[in-house]
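A.B. asks: Please find one structure pasted underneath; my questions will follow.
The values are calculated or read from the model by the stated rules, or taken from the named source; none is laboratory data. Everything numeric here is computed off the predicted structure, so don't read it as measured data. Here the Cβ positions follow ideal geometry from the backbone for every residue, glycine too, while neighbour counts run over all protein chains shown. We work out accessible area using only protein heavy atoms, side chains counted, and drop any ligands, DNA or RNA first. Shrake-Rupley method; radii C 1.70, N 1.55, O 1.52, S 1.80 Å.
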Amino acid sequence: MCCLGGVLVPVRNFTWDTLPVLLDLVEKTKSGSSGGQGPWWRQTFREVLGQPGLDPEANCLLLEEGGELQGFCLIFPELPVGRTVLELETVPRLASSLSEREVLRRAVGRAWELGARVVHLCLPQSSPRRELLEQEGFSLVCVYWEMVWRQEQLPPVLLPHGFSVRPFRSGDAPTLTAVQNAAFAGSWGFCPNTVEQIEYRSAMTNTSPRGILFLCHGERVAGYCWTSVAPVGGQTRGLISMVGVVPDYRRRGVGRPVLLAGMEYLRSIGVDDIGLNVDRDNTPAIGLYTSVGFQKVRELHWFEFNVRAGAPGR
């Protein structure tokens, strides 16, 4: 129980016995924005809580009012790059309220305990939560574009000579970990993954081993495309979660075929459209996505708080 401005705000840590009511809240808030699919959200969120290294009993905060759960905040530790990432969700009537403010402050306090340098939180450009973040000392640090592909025809997958595409197989987690970490080293917001994390995420409900594709040059892996799915607006959206090319194969035209191979797989399972997120400053990637028919639909704004500079709102 916390006190903010003389008002008691019941914020407490998640415990596993509260999982059913937390999943009820997730189903209510997520399903409303995606046109149903409550069971899908329940299962996926349950799996998120079980991710290696998350420790939800320490890194998931619950907000209660009137004896009922009204919100939560997940704190994802990414300490190798000195940050934590927040997922903050409350019922609509509490948006930007004192209660939501207190959950945010508690999450920043947890980041400080973990030794993080910064806290990051992503919002749609039009989110009313922006003003709250700015009042608490957060500032805009990066802008991503959400892009969607809705065309009838997919360009053909034309592999360069000597290259082939194969799906993820049992035992491939070390390979995927190495390729992903090499492909994204130094990219904004990327935290190197462990084999345990990759093994776990590759088995989650929102993905399939057949939807994780390696582009191979002989026995060497040159790049990969990791796809997933999610309900959006009552339909099923295929997602290009990550497309990466290892440094030795950059500027050799291999990004396009592995991207198209991922899109071809998503089309084969009957998705309604295909989406992805990309840093607006990544001109080569935006050029690639535009060339196959992706269009920008909205912006996603990443906000940052400097944990070591002081507590939020002070």
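A.B. asks: Sorted by average packing, counted as other Cβ atoms within 10 angstrom per residue and highest first, what order do 81-92, 97-108, 285-296 take?
C.D. replies: Final packing ranking: 97-108, 81-92, 285-296.
A.B. asks: Put 281, 273, 24 in order of accessible area, largest first, 1.4 Å probe: what do you get?
C.D. replies: 281, 24, 273
A.B. asks: With a 1.4 Å probe and all protein chains left in place, how much of the accessible area of region 145-241 comes from carbon and sulfur atoms, in whole percent?
C.D. replies: Answer for region 145-241 is 54 percent, counting heavy atoms of protein chains only.
A.B. asks: Based on Cα coordinates alone, diagonalise the gyration tensor for region 61-108, multiply each eigenvalue by 5, take square roots, and list the semi-axes in whole Å, largest first.
C.D. replies: In descending order, the three semi-axes are 23, 10, 8 Å.
A.B. asks: With every protein chain present, what accessible area does residue 117 have (1.4 Å probe, heavy atoms only), rounded to the nearest 10 Å²?
C.D. replies: Roughly 130 Å² of residue 117 is accessible to a 1.4 Å probe.
A.B. asks: Could you compute Rg(Cα) / (2.2 N^0.38 Å) for region 195-303, with N its residue count?
C.D. replies: Relative to the rule-of-thumb radius for its length, region 195-303 sits at 1.09.
A.B. asks: When ranked by the protection proxy of mean other Cβ atoms within 10 Å per residue, highest first, what sequence do the peptides 204-210, 246-252 form?
C.D. replies: Packing order, densest peptide first, comes out as 204-210, 246-252.
A.B. asks: Within 10 Å, count the other beta carbons around each residue, average over each peptide in 125-134, 172-181, and list them highest first.
C.D. replies: 172-181, 125-134
A.B. asks: Go through 301, 217 and list them by solvent-accessible area, largest first, probe radius 1.4 Å.
C.D. replies: So the residues, ranked largest to smallest area, are 217, 301.
A.B. asks: I've got another one for you. Given a 1.4 Å probe, how much area per residue of the chain is accessible, in Å²?
C.D. replies: About 47 Å² of surface per residue is accessible.
A.B. asks: Right, something else. Starting from the Cα gyration tensor of the chain, multiply each eigenvalue by 5, take the square root, and state the resulting semi-axes largest first in whole Å.
C.D. replies: 36, 21, 19
A.B. asks: Further question: Which one, 63, 81, 48, projects farthest toward the positive side of the charge dipole computed for the chain from Cβ point charges (K/R +1, D/E -1)?
C.D. replies: The residue sitting most towards the positive pole is 81.
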